[in-house]
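The values are calculated or read from the model by the stated rules, or taken from the named source; none is laboratory data. Bear in mind the structure is a predicted one, so any value in this text is a computation, not a measurement. Glycine also receives a Cβ, built like all others from the backbone with ideal geometry; neighbour counts cover every protein chain displayed.
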Amino acid sequence: MGLRNRSLFLEKKCFFVTTSCYKHLKLLQTEACKLVIANSLNFVAAKYKISILGYVIMPNHFHVLFYFNDENKLSDSMRDLKKFCAFEIRKCLESSKNSMLNLIRIGNGKQVFKVWEDRFDDVWIGNKELLEIKLEYIHQNPLQSHWNLSEYPENYKYSSATFYLGTPDNVVKIIDYRNIFD
């Protein structure tokens, strides 16, 4: 996978990252699959010394705001995250005998199943104002009419909105962006 000019941003610290399921299939609809993403975000955050400033897990994609406390390892962290999640999500689909399993079966040599689109999108966040715009987008995502997953941002369990609206108990460990961007 090419870096798509990511080498130009190796000294940068904060990124808005989006990755989508293969063919935008709703592979992340179940609680179990959402927990796979949440737990994996926590794992890569610890492994790569990343502060997660915000996130949302949607039925067919997720958004996350990463802040690299040490070295920027965006490509490595996303590779590890997607690889582990793909395996675990496939297991979830298999154990529940989900019909989606047949839709992700590709069988082209080494790879039998495909959970993710090949690439991920990232936007460098260079200031507090842009971060707040992206965070608001993340928190409003479940409320969009085509999703209609929640009436209020704080009612959607798989989002950092609950953290920022005063409920610190969250499935993903959040670091308040105001401690980093002042």
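If only one of Leu3, Leu93, Leu74 is at pLDDT below 95 and buried (at least 21 other Cβ atoms within 10 Å of the Cβ), which one is it?
Leu93
Name the single residue that is farthest from the chain's Cα centre (by Cα) among those in the range 24-41 being crowded, with 19+ Cβ neighbours inside 10 Å and assigned to a loop (DSSP other than H, G, I, E, B).
Leu27
Report whether or not Arg79 is within 19 Å of Asn60 (Cα to Cα), within 20 Å of the chain's Cα centre (by Cα), part of a loop (DSSP other than H, G, I, E, B) and not acidic (Asp, Glu).
Taking the combined requirement at face value, the residue does not satisfy it.
Name the residue that is nearest to Leu28 (Cα to Cα), counting only residues in the range 132-148 that are surrounded by 16 or more Cβ atoms within 10 Å (Cβ to Cβ) and either charged (D, E, K, R) or over 17 Å from the mean Cα position of the chain (by Cα) (or both).
In this case the residue turns out to be Leu143.
Only one of Val64, Val56, Val44 is in contact with an Asp or Glu (Cβ under 7 Å, 6 or more places away or on another chain), modelled with pLDDT of 95 or more and surrounded by 14 or more Cβ atoms within 10 Å (Cβ to Cβ). Can you tell me which? Please lay out each step first, then the result.
Working: Val64 fails: in contact with an Asp or Glu (Cβ under 7 Å, 6 or more places away or on another chain); Val56 fails: in contact with an Asp or Glu (Cβ under 7 Å, 6 or more places away or on another chain).
On inspection, the qualifying residue turns out to be Val44.
Looking at (1) assigned to a loop (DSSP other than H, G, I, E, B); (2) crowded, with 20+ Cβ neighbours inside 10 Å; (3) without any contact (Cβ under 8 Å) to a residue 12 or more places away in the chain, which is the only condition Val172 fails?
Val172 satisfies all of (1) assigned to a loop (DSSP other than H, G, I, E, B); (2) crowded, with 20+ Cβ neighbours inside 10 Å; (3) without any contact (Cβ under 8 Å) to a residue 12 or more places away in the chain except (3).
Restricting to the range 144-162, what's the tally of residues that are in contact (Cβ under 8 Å) with a residue 12 or more places away in the chain and either part of a helix (DSSP H, G or I) or charged (D, E, K, R) (or both)?
Residues meeting the conditions: 4.
Can you list residue pairs whose Cβ atoms sit under 8 Å apart, with the first residue in the range 78-101 being under 9 Å from Val115 (Cα atoms) and the second being surrounded by 15 or more Cβ atoms within 10 Å (Cβ to Cβ) and among the hydroxyl-bearing types (Ser, Thr, Tyr)? Count only pairs 6 or more apart in sequence or on different chains.
Taking only residues 6 or more apart or on different chains, the pairs are Lys82/Thr19; Cys85/Ser40.
How about the range 9-41: which of its residues are of a type in the set (A, V, I, L, M) and touching a Pro at 6+ places or on another chain (Cβ under 7 Å)?
Across the range 9-41, the qualifying residue is only Leu28.
Based on this model, can you work out whether Gly126 counts as among the small types (Gly, Ala, Ser), free of Cβ contacts under 8 Å to residues at least 40 places away in the same chain and either surrounded by fewer than 20 Cβ atoms within 10 Å (Cβ to Cβ) or not in a strand (DSSP E or B) (or both)?
Against the criterion (among the small types (Gly, Ala, Ser), free of Cβ contacts under 8 Å to residues at least 40 places away in the same chain and either surrounded by fewer than 20 Cβ atoms within 10 Å (Cβ to Cβ) or not in a strand (DSSP E or B) (or both)), Gly126 does not qualify.
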